[in-house]
Amino acid sequence: MSDEKFDIPFKSPTLPKVLEPGSKLKFNCHPGISCFNACCKMSDITLAPYDILRLKRRMGMTSEEFLREYTYPFAMDQDKVPGLKLKTDDEGACLFLDPEKGCTVYEDRPTVCRYYPLAMLTIREKDSSQPKTQYSLVMEEHCKGHEEDREITVEEYRKEQGCDEFDFYNQGWYELILKKKSAGPGVGKPSEMSLQLFFMASYNTDMFRRFVLSDKFKASYDIPEETYEQIEKDDVALLQFAYKFMRQALFGEKLVPEKPGAWEKRVAERREIWEARTRAEIEARNRQVEEMMRKETLGEGETDTTPDPGDNECGCNLEDR
Ligand code: SF4
Ligand code: SF4
């Protein structure tokens, strides 16, 4: 049916049945329910870029501070494309869970928390260039919401949970990951530098902003001043730019125009670095070979007593002359 799919959350026990926006589910979750907070006590929350933006704002933190305090990285695929999850305490409970009050960041909770008990699948069907979103139901024993007497369509549930805004701002990122998965080995493993760039542009947005507004970046890319101004003050504009820039870095799509000669200049700069590195490596290797030869000539453990031409211990008495 489909060539590739990307699902949020990962590895959840979903029913094989695919749900469309009009499909109905029987579910309700409310503070009086017997399992209240059970899901957050064993949380496994994968984060998308807009989730991080909302949470770091909520916490009044920079993206660096938020990543350090509340997240941990994991590899999303065999090429080690970096993903991020919310940290938990030692028992597996989400750090934002208050045992009495429930979720302390409810208005800014991540996409996965909003969708639960639905899983979102972004798929690309054969012969189609456009990704399509479908849903599936997550059935976990601890969740009693499925026993509640309420029927609701997927679309109504998404609206109720405020999923539209999150999907809108994360969509470019989902498509990027789907493209990476669909690309197959032909595209090759991304370089270490591309993976670092992916991490920074997806999650460490404050650092990505500094990178884009740096003189070096501006000297390389031909971007209107208004775009830089938007990027400076608007997190969402920064994210949209990040998605374009990542497509360029990962797949070579020409979406961010470069200044004439910028590529050649970068190659020349890199060549200087490569040449300096090569020279240093050759010198280090030469020193190793010299050392090895010296040991071979003298025998292991022997001390070289050859006098230094600079001192007068050569045997002749300079003072006698
Ligand atoms: S962010 Fe809130 S809803 Fe999501 S797992 Fe944590 S406490 Fe639960
Ligand atoms: S009904 Fe399900 S989603 Fe709601 S609190 Fe219980 S376990 Fe969590």
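The values are calculated or read from the model by the stated rules, or taken from the named source; none is laboratory data. Source: prediction; values computed, not measured. Virtual Cβ from ideal backbone geometry, glycine too; neighbours counted across all protein chains shown.
Observations on the model:
- Of the criteria (1) under 22 Å from Trp173 (Cβ atoms); (2) surrounded by 20 or more Cβ atoms within 10 Å (Cβ to Cβ), which one Glu107 fails: (2)
- Enumeration of residues in segment 30-59 that are of a type in the set (Gly, Ala, Ser) and either at positive phi or within 9 Å of ligand 2 (Cβ to nearest atom) (or both): Ser34, Ala38
- Residue ID - nearest to ligand 1 (Cβ to nearest atom), chosen from residues in segment 21-61 that are of a type in the set (Ser, Thr, Tyr) and either within 15 Å of Arg114 (Cβ to Cβ) or under 33 Å from the mean Cα position of the chain (by Cα) (or both): Ser43
Quick grid of which residues meet (1) within 14 Å of ligand 2 (Cβ to nearest atom); (2) within 20 Å of Cys40 (Cα to Cα):
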| site | (1), (2) |
| --- | --- |
| Glu107 | no, yes |
| Tyr115 | yes, yes |
| Thr122 | no, no |
| Gln161 | yes, yes |
| Asp167 | no, no |
| Trp173 | no, no |
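- Segment 207-255 holds helices (runs of 4 or more DSSP H) entirely within its bounds, and those carrying 2 or more residues that are closer than 17 Å to Glu175 by Cα map to 235-251.
- Check on Lys101, within 16 Å of ligand 1 (Cβ to nearest atom), modelled with pLDDT of 95 or more and surrounded by fewer than 20 Cβ atoms within 10 Å (Cβ to Cβ): no
- A single member of Met193, Met200 is surrounded by fewer than 17 Cβ atoms within 10 Å (Cβ to Cβ), in a helix (DSSP H, G or I) and not assigned by TED's automatic domain parsing to the domain that holds Ile52, and it is Met193.
- Residue match in segment 68-85 (condition: near ligand 1 (Cβ under 10 Å from one of its atoms) and either modelled with pLDDT of 95 or more or touching a strand residue (DSSP E or B) at 6+ places or on another chain (Cβ under 6 Å) (or both)): yes
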